[in-house]
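Structure record follows, encoded as structure tokens.
Taken together, the values in this text are just the output of simple stated rules run on the coordinates, not laboratory data. As the structure is a prediction and not an experimental result, all values here were calculated from the model. In this analysis, Cβ positions are derived from the backbone assuming ideal geometry, glycine residues included, and neighbour counts consider all displayed protein chains.
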Amino acid sequence: MKGIVRKGFLVGLGVTTLTAGKMEKAIKEFLKEHDINKAEAEQAAKAFLTDVKRHQERAIDALQREMKKAEQHLKRHAAKARKGAAKKRRATKKQAAMKQELREQG
């Protein structure tokens, strides 16, 4: 499960990277059309990238927290399932012993 979520997240990051390339091209065209100088463009780009990285880090942190919660949830349910299976095996053994005892008596 962890692997699937991780792969999905990495695919999302890949899409983000591809989108960033397309955005760069669009920004260059915008700069040409609006006569913005290189220094202003670089400053704006740095601010933008800093903001993107900050949001990316927050998203990664949030995803990791959710993955830990999901892992703990699955562990709890797996433990309950194992306990239930063990209880069922004990009950089945008990029933088999009782049936055997009845056969021997009857």
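Assorted remarks:
- The single residue among K80, K99, K87, K94 that is of a type in the set (K, R) and under 29 Å from the mean Cα position of the chain (by Cα) turns out to be K80.
- Beta carbons closer than 7 Å, at least 6 apart along the sequence or on distinct chains, pair a first residue in region 19-39 that is of a type outside the set (F, W, Y) with a second that is surrounded by 11 or more Cβ atoms within 10 Å (Cβ to Cβ) for L31/A41.
- Within region 30-43, tally of residues that are surrounded by 10 or more Cβ atoms within 10 Å (Cβ to Cβ) and assigned to a helix (DSSP H, G or I): 6
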